[in-house]
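Chemist: This is the structure I want to talk about, given as structure tokens.
Read the figures in this text as sums done on the coordinates, not as results from a lab. Being a predicted model, the structure only gives us computed values, none of them experimental. FYI the Cβ positions are ideal-geometry reconstructions off the backbone, even for glycines, and counts take in every protein chain you see.
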Amino acid sequence: MAPGIGGAVPATGALAVAALAIAFVILAMTPWTPAELLHGALRIDALSQGAKGLILLASIGVIALSIESFRRDAFLPAEGWALFLLSALGLMILVSAQEMLTLYLGLELSSFCFYILAALKRTSGFSTEAGLKYFMVGALASGLLLFGIVLLYAVAGSTRLDAIGATLAASPDVWSNGGAVGLLFVMSALFFKVAAAPFHLWVADVYEGAPTPVAAFFAVVPKVAIFVAFARITLGAFHGLLPLWQPLLAIVSGLSMIVAAFAALRQTKIKRLLAYSAIGHAGYLLMGLACGTVEGVAAVFVYLAVYVITGMLLWGIVMTCDRWQWTD
């Protein structure tokens, strides 16, 4: 690392926080009346605006807490803060996505940034391994998601969530084959992204190998966007297939809570312990979606708000403990 980079980290980090704060102010001043943008690819409503505000606040908190850690270690490349900002942008696109390909693009914009961020510490073999594992799992999840989108398009003739829901309501029989399989592929991809059991095996290694501020970002911020997307897909377009996906969500939710609770008992490193904590929280959040009701979604959003606050505080303590190498 070039001399003086450690001194530049606080200034560039402050610029990143300022950019996010400006975005939050603009969001707060924007009317929350329902609207559609880009021919219906994006939808502006109370759910998307609230989720964007939560994403921005979580990003501000994690980046502000990360500045001292990055300055102390003096390894943050010039593109580091830009990757944090781009990933937040991708997540905000994701929560507004009203069309499957737009959802995919928002998810992949953030995911590509995550792969690079996980391998950010180029002098560390553990960080490189974390980035590679994250990339391999992310590529598999992306393939599942795209294949599911193709099957849904073949059945519904559209990638818009509202059009898919209308087709389902008009002709329930067409979903008996390819449509149901497409939905299962899409949900499996999202299970990978939220690290729900049994799609969780990559999480502990990635959290342990990634730099602590990056692991904090992974643990806190993306869950908001992915669970909002989950709610739009399940309770929006596919509410008519409730008997299909409700048992699946309930099973995955229960597995996540059980696996996380018992696997955490064997952990001796704090970051791996928090990785299993994230898996357990994914199970609790999936339980709210499995209700299949608007009240369940509201409970998920409240849970996410509390999770973001407590997650930031907990990871802030871990980043402080890094100074004394308590996380080794």
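Chemist: Measure nothing fancy, just the Cα-based angle from helix 294-321's long axis to the longest principal axis of the chain, in degrees from 0 to 90, nearest 10.
Modeler: 10 degrees
Chemist: Give me the orientation-averaged projected area of the Cα convex hull of the range 192-328, in nm², one decimal.
Modeler: 7.6 nm²
Chemist: If you don't mind, there's one more thing I want to ask. Using 0.36 nm times the number of residues separating residue 309 and residue 38, minus their current alpha carbon distance, what extension gain do you get? Display every interim value, and only then the final one.
Modeler: Values: separation 271, 0.36 × 271 = 97.56 nm, distance 3.30 nm.
Residue separation times 0.36 nm, minus the Cα-Cα distance, leaves 94.3 nm.
Chemist: Among 208, 129, which comes first, then next, by fewest other beta-carbon atoms within 10 Å? Working shown, then result.
Modeler: Working: 208 22, 129 17.
Going from least to most buried by this count: 129, 208.
Chemist: Among 107, 182, 138, which residue has its Cα positioned farthest towards the positive end of the charge dipole of the range 5-324, with +1 placed on the Cβ of Lys and Arg, -1 on the Cβ of Asp and Glu, and the dipole taken about the Cα centre?
Modeler: 138
Chemist: Between residue 128 and residue 150, what length comes free when the chain is fully extended (0.36 nm per residue of separation minus the Cα-Cα distance, one decimal in nm)?
Modeler: Full extension from residue 128 to residue 150 adds 4.6 nm.
Chemist: Let me ask something additional. Would you mind checking the tilt of helix 178-194 against the longest principal axis of the Cα atoms of the chain, expressed as 0 to 90 degrees and rounded to 10?
Modeler: 20 degrees
Chemist: May I pose another question? Which one of 234, 320, 168 has its Cα pushed farthest toward the positive end of the charge dipole of the chain, where Lys and Arg give +1 and Asp and Glu give -1 at the Cβ?
Modeler: 320
Chemist: If you don't mind, there's one more thing I want to ask. How do the peptides 46-57, 117-128, 19-30 rank, highest first, by the average count of neighbouring beta carbon atoms within 10 Å per residue? Walk me through the numbers before you get to the answer.
Modeler: Values: 46-57: 21.1, 117-128: 17.9, 19-30: 14.2.
With the highest mean Cβ count within 10 Å placed first, the list reads 46-57, 117-128, 19-30.
Chemist: Taking the Cα centre of the range 198-305 as origin and charging only Cβ (+1 Lys, Arg; -1 Asp, Glu), how large is the dipole, in debye to the nearest 20? Walk me through the numbers on the way to the answer.
Modeler: On the way: 6 positive and 3 negative charges, 42 e Å.
For the range 198-305, the charge dipole is close to 200 debye.
Chemist: Hey, another quick one. Which far-off residues, 5 or more places away or on another chain, put their amide H under 5 Å from the one on residue 99, with H placed in the peptide plane?
Modeler: Placed amide hydrogens put 161 under 5 Å from residue 99.
Chemist: Could you sort the peptides 87-93, 32-38 by per-residue average Cβ neighbour count (10 Å cutoff), highest mean leading?
Modeler: On the way: 87-93: 23.9, 32-38: 11.7.
Result, highest mean first: 87-93, 32-38.
Chemist: What dipole magnitude, in Debye to the nearest 20, does the range 5-324 give about its Cα centre under +1 on Lys/Arg Cβ and -1 on Asp/Glu Cβ?
Modeler: Result for the range 5-324 is approximately 660 debye, rounded to the nearest 20.
Chemist: Throw me the Rg/Rh for the chain, computed over C-alpha atoms with Kirkwood Rh, two decimals. Each step should come with its number before you reach the end.
Modeler: Details: Rg = 19.5 Å, Rh = 20.1 Å.
Taking Rg over the Kirkwood Rh, I get 0.97.
Chemist: Under 5 Å between amide H atoms, partner at least 5 residues away or on a different chain: which partners does residue 32 have, H built in plane at 1.01 Å?
Modeler: none
Chemist: So between residue 284 and residue 158, what do we pick up on full extension, going 0.36 nm a residue minus the alpha carbon distance? Don't jump to the answer; show the numbers that get you there.
Modeler: On the way: separation 126, 0.36 × 126 = 45.36 nm, distance 3.23 nm.
Length difference between fully extended and current span is 42.1 nm.
Chemist: Read phi for every residue in the range 44-49 and hand back ³J(HN,Hα) as whole Hz from Karplus 6.51 cos²θ - 1.76 cosθ + 1.60, θ = phi - 60°, with x for Gly and Pro.
Modeler: For the range 44-49, the Karplus curve yields 9, 8, 4, 5, 5, 5 Hz.
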